[in-house]
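Read-outs: derived from the displayed coordinates by stated rules, not from any lab. Everything numeric here is computed off the predicted structure, so don't read it as measured data. When we count neighbours, we look across all protein chains shown, and the Cβ atoms used for this are built from the backbone with ideal geometry, even at glycine.
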Amino acid sequence: MDQSDIAKLANLARLDINDTTASEVADSINGILALVDRLQAADTDGVEPMAHPQDASQRLRADTVSEDNVREQFQAIAPAAEQGLYLVPKVID
């Protein structure tokens, strides 16, 4: 990737990038692409995919009510509510 590619991308993204910055961005992107190439070259045959790198389980909190039900108070100040539901304007036909 060179400065002309960066200039095209900057134009598409509506960014104003000077030549110095374009050169730095090109170097950074080329470094990232080189790293991706190194990762793709790694031999992964026989390696099982992992759902998570650590075999740890999370402690779960107790499923208990921690706040009082104040729905009626909230709905009393709502612009429109009916049968415990908030009424909103229709946005999709």
| remark: Between Asp55 and Glu67, the two model label points (7 Å from Cα along the beta-carbon direction) sit apart by a distance in nm of 4.0
| request: Report, to the nearest 10°, how far helix 19-40 tilts away from the longest principal axis of the Cα atoms in the chain, using its own Cα long axis and a range of 0 to 90°. | output: 80
| request: Rounded to the nearest 10 degrees, what's the angle between the helix 3-12 long axis and the longest principal axis of the chain, both from Cα atoms, 0 to 90? | output: 30
| said: Output needed: percent of Cα pairs per 5 Å distance bin for the chain, bins running from 0 to the one holding the longest distance. | reply: 2, 9, 9, 7, 6, 6, 6, 8, 9, 11, 13, 12, 2
